[in-house]
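**Q** Sharing a structure here in structure tokens format.
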Amino acid sequence: MVSKRPFGTTSNGEDVYLYTLIAGQYRAAISTFGATLQAFHAPDANGSVNDVVLGYGSLEPYVRTTTYFGMTIGRFANRIAKGRFTIDGVDYQVETNDGGVNSLHGGRTGFSFRVWHAETFEVGGMPGLMLTLHSPDGDGGFPGAVTVATSYLLKDNGELVIDYEASTDKPTPFNMTNHSYFNLAGAAGGAVLDHEVCLACDRYLPVDAALIPTGECLPVVGTPFDFTTAKPIGRDIGTVGGKGYDHCFVLADERPILKEFARVEDPVSGRTLTVKTTKPAVQFYTGNFLDGSEDGKGGVRYGRHAGFCLETQFFPDGPNHRNFPDCILRPDQTYRHTTIYAFSTR
Ligand code: BGC
């Protein structure tokens, strides 16, 4: 089942809608502004249904956000150093929206801040929403006109399947993700430091003070980045530098086939989340920059570590590192990416 309601109007007069997909006990609310997962309701081990993603209750905060709660990110997830890269000998400069120095999440005019065209669909009786967008040549400084489709399909077994497809008419860096912050205790549940995380990631990318990868790819073994056996997020968080985890973890098997790489469990509610992806890496971010200064849904103020993100993607700053997987989308290629967030209980 799908319902649709108005969710505000942008300053250029574009109407935004909130679609709610319902399958069994699960509900996913998706806004056409940023193709954003605005809410996700799932039962806990006792059958009590709560919203388990962070977000805002109206359009306005999404327009000016730097948290990117639940938003679809493009053209390039995470950072590009100094917003510069070179493709086939041509230099490009894109928006530097991260401290005025680096480019973050495709810039202030990136896909997260666009109103997407939406159409509902169904697969085997399960509800879905297909969102499409056209990004012109030179958009935010990026080369090539790009056509993008992002779809959400909700299944009554608790799986939220997100598919991305895109094509371009000139080579362009291309790296999409979803920026949901999860709190399996419920989105008003405080910090997620007790959540137990297991990641099938045997390497991670160290970063400099501006969170740009140094170019090294180091083994996690013997470091606080080792989540190959489940451990609480909070166990080693004080030793990773900065305010917590904000690092790219490399999947042990980088082949572009759909595989499960993450399992997270909240010991109190008994909710679990497993994640599958076709991408070679994931940005594990623990909401380090949340500071309780903004009103979230229902007036909740999200403090530091109020949610965790598992942003499946290519490596940050990929266009500037030859040793990182190729993240340039070319006209003879189609970008395809599937990530499945599967909710269940212990
Ligand atoms: C980045 C963080 C950033 C956050 C919100 C994450 O993907 O790694 O550094 O603060 O997004 O923009």
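Please treat every number below as a calculation from the coordinates, not as lab data. All values reported here derive from a predicted model rather than from experimental measurement.
**Q** Compute and list, largest first, the equivalent-ellipsoid semi-axes of the stretch 1-142 from the alpha carbon gyration tensor, each √(5λ) rounded to a whole angstrom.
**A** Calculated on Cα positions only, the semi-axes equal 32, 16, 15 Å.
**Q** Let me ask something else. Classify the chain as rounded, prolate or oblate from the Cα gyration tensor: take a ≥ b ≥ c as the square roots of its eigenvalues, call it rounded if a/c is under 1.5, otherwise prolate when a/b beats b/c and oblate if not.
**A** Rounded shape, in that the Cα axes give a/c under 1.5.
**Q** Take the eigenvalues of the Cα gyration tensor for the stretch 238-346, scale each by 5, and report the square roots as semi-axes in whole Å, largest first.
**A** 28, 19, 14
**Q** Starting from the amide H of D169, placed 1.01 Å from N in the peptide plane, find each other amide H under 5 Å away whose residue is 5 or more places distant or on another chain.
**A** Long-range HN contacts for D169: A145.
**Q** By a straight-distance test (C-alpha under 28 Å), which lysines pair with K155 as possible cross-link partners, with residues fewer than eight away in the same chain excluded?
**A** K4, K259, K276, K279, K297
**Q** Which value in deg cm²/dmol, rounded to the nearest 500, describes the helix-derived mean residue ellipticity at 222 nm for the chain, given -39,500 (n - 2.57) per DSSP H run of n ≥ 4 and division by the residue count?
**A** -500 deg cm²/dmol
**Q** Please report how far the C-alpha centroid of the stretch 80-120 lies from that of the stretch 148-165, rounded to the nearest whole angstrom.
**A** Answer, in whole Å: 24.
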